[in-house]
Amino acid sequence: MRAVLVLCLGLAGVSAACAGKADQREFTLQGQVMSVTPNHDQATVNHEEIKGFMTAMTMPYKVHDPKQLDGIAPGDLINAKLVVLTSDAYLTDVKKVGQAPLPAAPAETAAAPTASSGFELLKPGEAVPDASFVDQGGRKRTFSSFKGSPVLMTFIYTKCPMPTFCPLMDQHFAAIQKKLKDDPALNGRVHLVSVSFDPIVDTPPVLKAHAQTLGADLKTWTFLTGDRDDIDRFAARFGVSVARSLTDQRDITHNLRTALVDPGGKLVKVYIGNEWTPDQALADVKPVVGAN
Ligand SMILES: [Cu+2]
């Protein structure tokens with residue numbers, strides 16, 4: 001990546017870090033802190049475009065050292081280094097450079113959606129309302145058509161630039177697919193569903209290519225796209241919040257939710273964010289398959 005090489009050359013002092021790990025990329029992030037977690041392990045930042053990596057957006061960023069966020073408060077303007085690895089990303093060298101009033105209505109963060117989203121969150125035990133989609137083969141597919149086997153469903157978009165977000169969900173699902181196949185009690189009895197909330201870009205052919213990249217077995221792993229408003233409404237019931245820029249529809253600010261639905265179409269559990277593991281999901285899936 002040209003942009004990264006330039007960055008590495010420009011930062012002679014840290015060039016060892018650049019040269020040391022082939023898969024490590026570093027970017028400069030400039031923006032305003034919207035919130036900081038109480039234990040200082042994460043800050044949500046409304047940041048400017050990161051040239052060569054991602055458009056301007058608001059999203060949570062981890063730090064590996066909580067000291068990085070000491071003295072950092074909502075409203076602070078910061079400069080930081082964004083370190084991006086194959087399956088991790090974090091901020092370091094966080095420096096406060098100023099302060100500004102927070103916008104009146106801060107963008108939705110990874111927190112649970114509020115009543116303003118207008119849709120009530122589904123609770124465990126409640127029936128998931130049906131919705132209509134189009135799958136990676138261009139066929140119409142309703143959510144209720146998955147009834148009969150447990151469904152593990154997540155919400156992603158294929159152009160997501162953050163390795164700790166959508167790409168991580170993809171990797172988790174690929175890992176789960178493999179573990180399901182390796183377990184005779186589970187093989188072929190659980191369906192994976194990845195729903196894209198970027199239907200403008202994620203057309204069926206794009207999703208099909210994405211599925212191939214992930215090594216997805218389409219018999220038990222389905223990729224869905226469809227009408228954007230329908231998808232937003234459906235996803236909101238699980239706590240997914242998606243905000244798109246008015247000027248660039250591909251500029252998407254979003255959180256992560258993954259849901260386990262039982263064979264009868266009732267919600268079992270929602271995994272929030274990216275902290276869950278494939279093994280956790282499998283442990284939750286097992287009793288649901290058994291109850292089938
Ligand atoms: Cu994403």
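The values are calculated or read from the model by the stated rules, or taken from the named source; none is laboratory data. Values in this document were obtained by computation on a predicted structure and should not be read as measured data. Quick reminder, even Gly has a Cβ in these numbers, built from the backbone with ideal geometry, and neighbours come from all protein chains shown. SASA here: full protein model, heavy atoms, side chains in, ligands and nucleic acids out. Shrake-Rupley method; radii C 1.70, N 1.55, O 1.52, S 1.80 Å.
Quick look at the numbers
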{"read-out": "Residue in region 217-240 that is within 16 Å of the ligand (Cβ to nearest atom) and free of Cβ contacts under 8 Å to residues at least 12 places away in the same chain present", "value": "no"}
{"read-out": "Restricting region 261-275 to residues that are over 22 Å from ASP230 (Cβ atoms) and either touching a residue at least 24 places away in the same chain (Cβ under 8 Å) or touching a His at 6+ places or on another chain (Cβ under 7 Å) (or both), the residue that is surrounded by the fewest Cβ atoms within 10 Å (Cβ to Cβ)", "value": "GLY264"}
{"read-out": "Tabulated pairs, region 142-160, first closer than 16 Å to ILE176 by Cβ and assigned to a helix (DSSP H, G or I), second within 16 Å of the ligand (Cβ to nearest atom) and open to solvent by less than 40 Å² (accessible area, probe 1.4 Å), C-beta under 9 angstrom, 6+ apart or interchain", "value": "PHE146/MET153"}
{"read-out": "The listed residue being surrounded by fewer than 19 Cβ atoms within 10 Å (Cβ to Cβ) and among the β-branched types (Val, Ile, Thr), out of THR247, THR258", "value": "THR247"}
{"read-out": "Conditions (1) away from the ligand (no atom under 16 Å from the Cβ); (2) at pLDDT below 95; (3) under 25 Å from VAL285 (Cα atoms); number of the one not met by SER144", "value": "(2)"}
{"read-out": "Condition met for ALA281 (open to solvent by less than 10 Å² (accessible area, probe 1.4 Å) and over 26 Å from ALA56 (Cβ atoms))", "value": "yes"}
{"read-out": "Residue, nearest to the ligand (Cβ to nearest atom), within region 147-157, restricted to residues that are surrounded by fewer than 21 Cβ atoms within 10 Å (Cβ to Cβ) and of a type outside the set (Lys, Arg)", "value": "SER149"}
{"read-out": "Residues located in region 181-213, provided they are in a strand (DSSP E or B) and within 18 Å of the chain's Cα centre (by Cα)", "value": "LEU192, VAL193, SER194, VAL195, SER196"}
{"read-out": "Scope region 246-260; condition away from the ligand (no atom under 14 Å from the Cβ), in contact (Cβ under 8 Å) with a residue 12 or more places away in the chain and part of a loop (DSSP other than H, G, I, E, B); matching residues", "value": "ASP248, GLN249"}
